[in-house]
Amino acid sequence: MVYMDMFVGRILNENREMYEAYASKMQALSLEAGALSASACWGVEQAQGMLNPLAALVKVEPGEALVTRIVRWKSKEARDAGWAKIMNNAQMQSGSIQIPFDRTQVYYSGFEEL
């Protein structure tokens, strides 16, 4: 059963290029580790007037954007093995991948695709 990791966070608008570079590197690492696909998104429209907008949950402030990353794996087992490969990758170990956001402000969950 396809398994997906979803990450949601916020980032300063001025750090968009840094986020794009980070997302590109993480996409390459994820695909190299066996992911079926990996996508990153930059929020351009914040829902207004809806009961529970995602931007409110993440506490997006003026001058910030909502960002997401979704990584699809063949199965949860493939994801577990893939993340072990990613975390042991030399780029991750060396700290050469610059993380352009506060990691404590990122929300994560794993999902089985229906």
For the stretch 103-114, name all the residues that are assigned to a helix (DSSP H, G or I) and surrounded by 14 or more Cβ atoms within 10 Å (Cβ to Cβ). Gln105
What pairs come out if I take residues in the stretch 95-114 that are under 27 Å from Glu14 (Cα atoms) and pair them with residues that are of a type in the set (Ser, Thr, Tyr) whose C-beta lies under 6 Å away, six or more apart or interchain? Pro100/Tyr19; Pro100/Tyr22
Only unsatisfied item for Pro100, checking (1) open to solvent by less than 80 Å² (accessible area, probe 1.4 Å); (2) under 30 Å from Leu114 (Cβ atoms); (3) not polar (S, T, N, Q), is (2)
Would you check which residues across the stretch 6-37 are farther than 16 Å from Ile99 by Cβ and in contact (Cβ under 8 Å) with a residue 24 or more places away in the chain and list them? Met6, Asn13, Glu32, Ala33, Gly34, Ala35, Leu36, Ser37
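The values are calculated or read from the model by the stated rules, or taken from the named source; none is laboratory data. The model shown is predicted, which means the values in this text are computed figures rather than measured ones. Cβ atoms come from the backbone with ideal geometry, glycine included; neighbour counts cover every protein chain shown. Note: areas computed on protein heavy atoms with side chains; ligands, DNA, RNA excluded. Shrake-Rupley method; radii C 1.70, N 1.55, O 1.52, S 1.80 Å.
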